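Reading through the structure tokens given below for one structure.
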Amino acid sequence: MININVIVKDKSWFKFIKKPEIYLKKKIKKIQNDKFFGKKKYYFSLLLSSTEEIRYLNKKFRKKRKSTDILSFPNQTKKNFKKLIKSNSEIYLGDLIINIKKMNTSTEVLFEKHFNLLWIHGLVHLFGYDHKNDSNFKKMQIIENRFLKKILDDKFCS
């Protein structure tokens, strides 16, 4: 089971997703029975933000003075996560922040695809995956594509 807490900090998001929390809960429902998650209960937060806030957070926590499309803040290291999986039935994964100003807003379909790519990518990061080398990138991409195929209505990920 996966629970999400959605916080909307930039009202521009409502132009594209009328009810972000309901939208995301429907998408999560499609992936939460995947064997990847097992029987654990997971929680994470998603902040729907804009350039100014994400630039500030990127500078404060990653020492990068620029805006980005998404930030992921895992609640634990991959090593600690493996220990948590063995001992806890409920795990707080961490926080994601997505920047509306970096989204492809040219069409509703492109926006939705881009948004789904980003939050799925961030979610996989919260599970301790990264893309620092080709091997890790491929592992992460396989998981992302598996989830995207479950939530998208077209052949986008094929």
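Can we say Ile91 is out of contact with any His (no Cβ under 7 Å at 6 or more places or on another chain) and closer than 21 Å to Asn116 by Cβ? Criteria not met by Ile91. Ser49 - would you say it is at pLDDT below 95 and among the polar types (S, T, N, Q)? Considered against the rule, which asks whether it is at pLDDT below 95 and among the polar types (S, T, N, Q), Ser49 comes out as no. Residues of segment 1-60 that are surrounded by 15 or more Cβ atoms within 10 Å (Cβ to Cβ) and free of Cβ contacts under 8 Å to residues at least 12 places away in the same chain: Tyr23 alone. Taking segment 15-27 as the range and being within 13 Å of Lys101 (Cα to Cα) and part of a helix (DSSP H, G or I) as the test, only Lys15 passes. If you take the residues of segment 28-69 that are polar (S, T, N, Q) and out of contact with any helix residue (DSSP H, G or I) (no Cβ under 6 Å at 6 or more places or on another chain), which of them is nearest to Lys101 (Cα to Cα)? Restricting to residues being polar (S, T, N, Q) and out of contact with any helix residue (DSSP H, G or I) (no Cβ under 6 Å at 6 or more places or on another chain), the top hit is Ser49.
Sub-6 Å Cβ pairs linking a first residue in segment 111-139 that is under 18 Å from Ile2 (Cα atoms) to a second residue that is basic (Lys, Arg), at least 6 apart or interchain, are Gly128/Lys78, ordered by first then second residue. Regarding Tyr129, is this residue farther than 22 Å from Glu53 by Cα and in a loop (DSSP other than H, G, I, E, B)? Judged against the criteria, Tyr129 is a match. When we screen Ser45, Ser67, Ser72 for residues that are farther than 23 Å from Ile2 by Cα, polar (S, T, N, Q) and not in a helix (DSSP H, G or I), the only hit is Ser67. Taking each residue of segment 63-81 that is open to solvent by 60 Å² or more (accessible area, probe 1.4 Å) and looking for partners that are outside any loop (DSSP other than H, G, I, E, B) and small (Gly, Ala, Ser) with beta-carbon atoms closer than 8 Å, six or more apart or interchain, yields Pro74/Gly94; Asn75/Gly94. Going residue by residue through segment 85-94, is there one that turns out to be of a type in the set (Val, Ile, Thr), open to solvent by 40 Å² or more (accessible area, probe 1.4 Å), modelled with pLDDT under 90 and part of a loop (DSSP other than H, G, I, E, B)? No, segment 85-94 contains no residue that is of a type in the set (Val, Ile, Thr), open to solvent by 40 Å² or more (accessible area, probe 1.4 Å), modelled with pLDDT under 90 and part of a loop (DSSP other than H, G, I, E, B).
The values are calculated or read from the model by the stated rules, or taken from the named source; none is laboratory data. Since the model is a prediction, treat every value here as computed from it, not as a measurement. Positions of Cβ are backbone-derived with ideal geometry, glycine not excepted, and every protein chain shown enters the neighbour counts. Just the protein is used for accessible areas: all its heavy atoms, side chains included, with ligands, DNA and RNA removed. Shrake-Rupley method; radii C 1.70, N 1.55, O 1.52, S 1.80 Å.
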